[in-house]
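Asker: One structure follows; several queries about it will come next.
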Amino acid sequence: MTPLPIGVLVSGTGTNLQALIDAIAQKRLNATIKVVISNKHGVQALERAAAAGIPARTISHRDFPTREAFDETLAGALREAGAEWVVLAGFMRLLTKRLISAYPNRIVNIHPALLPAFPGVDAQDQAFAYGVKVTGCTVHLVDEGTDTGPIIAQRVVPVLDTDDSRALRARILVEEHALLVESLQAIAEGRVDVIAGEGSARTRVRTRPG
């Protein structure tokens with residue numbers, strides 16, 4: 001089976017990127033990372049890519065007059081590298097139609113909450129502050145909304161009485177790493193189907209058992 005060719009977009013430390021690198025090396029994920037692109041210079045995620053021998057570059061959003069122009073350049077760089085799927089691994093930018101239309105239903109994001117609860121930034125802190133008893137993480141396809149795309153998979157993380165927001169964040173992150181790898185492997189195996197909604201119904205994702 002041909003490895004899934006992915007491009008990974010990052011903005012920070014790159015722990016989800018490292019989870020992908022490790023899973024590929026351990027043959028738990030049948031994928032190849034064609035390129036890692038950061039919108040920020042000097043972040044640790046770029047160091048992780050370099051250490052693994054993965055092509056990496058910085059394309060700063062500050063160098064572009066509009067979000068659309070930035071996304072157009074990202075799409076071109078991803079296509080040039082041979083990426084057929086895009087993974088947002090801590091990429092702290094909302095995407096515009098320019099990039100989404102270049103990779104329709106082929107952009108995957110990992111979010112640290114059980115969507116549709118707690119979208120946007122600092123989802124772990126939102127969950128802790130709200131006092132929920134369970135939270136978790138979600139892997140979903142990206143659309144033009146904020147964390148509104150079709151859900152591929154979710155994993156529940158209990159909120160313990162002994163938790164503070166930092167402890168909760170750390171335990172969610174462990175599950176993020178596992179769920180992202182499992183979801184991408186399902187895509188690589190052709191087990192993820194996108195089902196268009198009829199009328200006002202939302203587009204859904206069906207993941208068939210392996």
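The values are calculated or read from the model by the stated rules, or taken from the named source; none is laboratory data. Nothing here was measured: the structure is a model prediction, and the numbers come from that model. Note that each Cβ is placed from the backbone with ideal geometry, even for glycine, and that neighbours are counted across all protein chains shown.
Asker: Those residues that are of a type outside the set (D, E, K, R), in contact (Cβ under 8 Å) with a residue 24 or more places away in the chain and assigned to a helix (DSSP H, G or I), I need them from the stretch 39-50; list them, please. Talk me through it step by step, then tell me what you get.
Answerer: Just the residues of the stretch 39-50 that are of a type outside the set (D, E, K, R), to begin with: 39, 41-46, 49-50.
Subset that is in contact (Cβ under 8 Å) with a residue 24 or more places away in the chain: 39, 43-46, 49.
Hits for the stretch 39-50 are GLN44, ALA45, LEU46, ALA49.
Asker: While we're here: Tally time: how many residues in the stretch 91-112 are in a loop (DSSP other than H, G, I, E, B) and touching a strand residue (DSSP E or B) at 6+ places or on another chain (Cβ under 6 Å)? So that I can check it myself, show each step before the final result.
Answerer: Of all residues in the stretch 91-112, those in a loop (DSSP other than H, G, I, E, B) come to 91-96, 103-106, 112.
After this cut, where a residue has to be touching a strand residue (DSSP E or B) at 6+ places or on another chain (Cβ under 6 Å) as well, the list is 91, 103, 105-106, 112.
Selection size over the stretch 91-112: 5.
Asker: Six or more apart or on different chains, Cβ atoms under 8 Å: show the pairs whose first residue is in the stretch 11-38 and surrounded by 20 or more Cβ atoms within 10 Å (Cβ to Cβ) and whose second is assigned to a strand (DSSP E or B) and of a type in the set (D, E, K, R).
Answerer: VAL35/ARG57; VAL36/ARG57; ILE37/ARG57; SER38/ARG57
Asker: Could you list, in sequence order, all residues of the stretch 50-65 that are of a type in the set (A, V, I, L, M) and either exposed (fewer than 13 other Cβ atoms within 10 Å of the Cβ) or in contact with a Leu (Cβ under 7 Å, 6 or more places away or on another chain) (or both)? Spell out the reasoning first.
Answerer: Taking the stretch 50-65 first, the residues of a type in the set (A, V, I, L, M) are 50-52, 54, 56, 59.
If the condition is that a residue be of a type in the set (A, V, I, L, M) and either exposed (fewer than 13 other Cβ atoms within 10 Å of the Cβ) or in contact with a Leu (Cβ under 7 Å, 6 or more places away or on another chain) (or both), then ALA50, ALA51, ALA56, ILE59 are the ones that fit.
Asker: Here is a further query. Scan the stretch 104-114 for residues that are surrounded by fewer than 20 Cβ atoms within 10 Å (Cβ to Cβ) and either without any contact (Cβ under 8 Å) to a residue 60 or more places away in the chain or of a type in the set (A, V, I, L, M, F, W, C) (or both) and jot them down. Please lay out each step first, then the result.
Answerer: Pass one, the stretch 104-114, residues surrounded by fewer than 20 Cβ atoms within 10 Å (Cβ to Cβ): 104-106.
The answer is PRO104, ARG106.
Asker: With VAL157, VAL121, VAL205, VAL139 as the choices, which residue is outside any helix (DSSP H, G or I) and in contact (Cβ under 8 Å) with a residue 60 or more places away in the chain? Give the steps one after another, and end with the answer.
Answerer: Working: VAL157 fails: in contact (Cβ under 8 Å) with a residue 60 or more places away in the chain; VAL121 fails: in contact (Cβ under 8 Å) with a residue 60 or more places away in the chain; VAL139 fails: in contact (Cβ under 8 Å) with a residue 60 or more places away in the chain.
After applying the criteria, what remains is VAL205.
Asker: Output the residue which, of all residues in the stretch 156-210 that are acidic (Asp, Glu) and at pLDDT 95 or above, is nearest to the chain's Cα centre (by Cα). Explain how you work it out, then say what you get.
Answerer: Of the stretch 156-210, the ones acidic (Asp, Glu) are 161, 163-164, 175-176, 182, 189, 193, 198.
If we keep only those that are at pLDDT 95 or above too, we end up with 175-176, 182, 189, 193.
Working: GLU175: 13, GLU176: 10, GLU182: 12, GLU189: 18, ASP193: 18 Å.
Out of the qualifying residues, it is GLU176.
Asker: Which residue out of LEU95, LEU29 is hydrophobic (A, V, I, L, M, F, W, C), modelled with pLDDT of 95 or more and under 25 Å from GLY145 (Cβ atoms)?
Answerer: Details: LEU29 fails: under 25 Å from GLY145 (Cβ atoms).
Being hydrophobic (A, V, I, L, M, F, W, C), modelled with pLDDT of 95 or more and under 25 Å from GLY145 (Cβ atoms) holds for just one of LEU95, LEU29, which is LEU95.
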